[in-house]
Structures are given as C-alpha cells and as structure tokens.
1. I'd like the Kirkwood hydrodynamic radius of the range 161-214, using the inverse of the mean 1/r over distinct C-alpha pairs, in Å.
2. Given a 1.4 angstrom probe, I'd like the percentage of the accessible area of the range 64-141 that is carbon and sulfur, rounded to a whole number.
3. Given a Förster radius of 25 Å and the C-beta distance between residue 206 and residue 293 as r, what FRET efficiency does 1/(1 + (r/R0)^6) yield to the nearest 0.05?
4. Quick one: 3J(HN,Hα) in Hz for the range 65-74, Karplus 6.51/-1.76/1.60 with θ = phi - 60°, rounded, Gly and Pro as x.
5. Based on the alpha-carbon set only, what is the convex hull volume of the range 124-225 divided per residue, in Å³?
6. Taking θ = phi - 60°, what integer Hz values does the Karplus form 6.51 cos²θ - 1.76 cosθ + 1.60 yield along the range 186-203, in sequence order, with x for Gly and Pro?
7. For the range 170-294, which whole percent of the accessible surface, found with a 1.4 angstrom probe, sits on carbon and sulfur atoms?
8. Using alpha-carbon pairs under 8 Å, 6+ residues apart, how would you state the relative contact order of the range 1-90 in percent?
Amino acid sequence: MRFTSHSEIGKLQSVFIKKAKDAFISDEHLEKEWKALNYLSKPGIDEAITEYNAFENLFRQMGAEVYYLPEDESVNMDSIYCRDAAIATNKGMIICNMGKAGRINEPMAEQKAFEVNDIPVLDIITAPGTVEGGDVAWLDEHTLAVGHTYRTNEDGINQLTALLQPMGVEVITVPLPHYKGPSDVFHLMSILSPVDTNLAVVYSPLMPIVFRNLLIKRGYELIEVPDEEFESMGCNVLALAPRDCLMVDGNPETKEALEKAGCRVTVYKGEEISVKGGGGPTCLTRPVLRESIN
C-alpha cells in the first residue's frame, strides 16, 4: 500500500490534533479571547472537553496514528483548528503564514511539534505572503485547489505554487467572494469538502462558477448543502476514507444526501468545539498521511 499527503480522501493514517483542554485551557482563558476572535459565543470549557474526547476517540477507533499539539502560551484558543497553520506534502510540511492576525504564532508552534515528532518541514510561507490551510484542498495527488481569500493572498499562493511545482503539482486558484468580510472565517473548505475521487460536498451559492464547472468537468457529483445547513457547517465534512464521512451533528439533509450517495456518515456533537468557533472536522485536524487510491 502506497501512502501520500496529497489527498483529502484516502484512508487516514496519521493526523495531528489539539485537544480542547490544551487550546481552550480554562474558562478564564476563554473569557479573555472568544469575543476578539469572533466566536458566536463563549464555549463551555467542560462541555468542550467532553465533546473533544468523543471526537478524538473516533480516530483511535479507526486505527489512525494520532499526534498531539501541546498547550502553548504563545497561541490562543483558535489553535484548536490546527489544519490552518500548515499544509502536508510528500516532501514535508509547509508552514503557513496566517492571514488572521490573532493566529500569527500558530505556524511556529506547529513547526516545533513537527520537529519533535520527526515530521520533516519543507519550507515556510513568508510575509507579505499569507496562506491558511483551510484554503487548500487536494482534488487529486497532482492538483491542489487554493482559495484566494482574506486569509490567503496572491503572494502566498505564488510561494505555494513555487514549492509544489517541482513535485509535479498544479495549483488552481479559486477567487472567493467578500461574503461577511475580513473578520469572518471563510475558507475554500467552507464551501468544498471532497469525500471521494468523484464526490464532493459543496455550497454552490458561494462557489465561483468557473470552479464549480471545473469540478463537474472532472467528473464530480456534487452534494449540495441547503442554505439552512451552511452556517451549522453542513459543508465541512472530513473524509476518514473514501465515502467514509465525519461531520458535525445537526445537518440532517446533508447527511441524508451523503448516505443516498453511498457514504457512511458518522456525526459528532460539536456545539462547543465546532459551531461556536466556525470550525468543523476538517478544521480540527491536520492530516499527515493517507492511503493512496491512485
């Protein structure tokens, strides 16, 4: 079996996560930070830890190797959404430069954790370039879609393209709309979750026509998230393996559509760790290796 980092859908082999207790720390810590970071409301620390323990156990049950990002006083509660600070490639991790000012220290914190765990680092995105991991999604092992957003800028995309080109990777830039503006968490993966080689969960009202047509041309069947399930992160779906999906509870229409498409769907309670901070299962995980399906 061959393994790759250039996939959103192969069976998950290894993943970094950050426990709620190490990101949220305490009720006092949350009280200081949640408003400035634009959370819907303050998470309950005890409830968040309970939710996260159940979330974490799902990866252990499937046999994935789980790495942990430690508590770090240089970062804030947003560090629970650990996908954003790095991008996994077959040549090592690319350390991002965050577009959200409050998260500027997270990439360096993750780099330290990678080095401690003997995970190679390929390179670092540097200012004025910005890239956040929630804006990147592998369409296949040789094609990476990158959202041009308030969090990921043109200079950052150019740096990322230069790093990936020697690996034979094509970078497709996806310009995203203003939507709710710079303060909102709006990434490419807010509107796109590949769950198989020819199946993706999408929210078409915020998707560029050219990119949507490209997905269809590539043979994707699109699972359309209804308006009433977009804010509750119906579009944020993590593939544990092809058509083996993990999503936040409370999105029954999207769940049913996935099941009708032949998917196995597991839901987790995520009111505190996901909904309030706008970060679903893709945001809560930094996959490293997956089984290759090519």
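1. Over the range 161-214, the inverse of the mean reciprocal pair distance is 13.0 Å.
2. 51 percent
3. Step by step, r from the Cβ atoms, then E = 0.30.
4. Here the 3J(HN,Hα) series is 7, 10, 9, 10, 7, x, 4, 8, 5, 7 Hz.
5. In the range 124-225, the Cα hull volume divided by residue count equals 95 Å³.
6. In residue order, the calculated couplings are 9, 10, 3, 6, 6, 10, 8, 9, x, 10, 6, 4, 9, 8, 9, 8, 9, 10 Hz.
7. On the range 170-294, the fraction of accessible area on carbon and sulfur atoms equals 52 percent.
8. Rounded, it is 50 percent for the range 1-90.
The values are calculated or read from the model by the stated rules, or taken from the named source; none is laboratory data. Since the model is a prediction, treat every value here as computed from it, not as a measurement. Please note: Cβ atoms are built from the backbone with ideal geometry, for glycine as well, and neighbour counts cover all protein chains shown. Note: accessible area is taken over every heavy atom of the protein model, side chains too, but ligands, DNA and RNA are not part of it. Shrake-Rupley method; radii C 1.70, N 1.55, O 1.52, S 1.80 Å.
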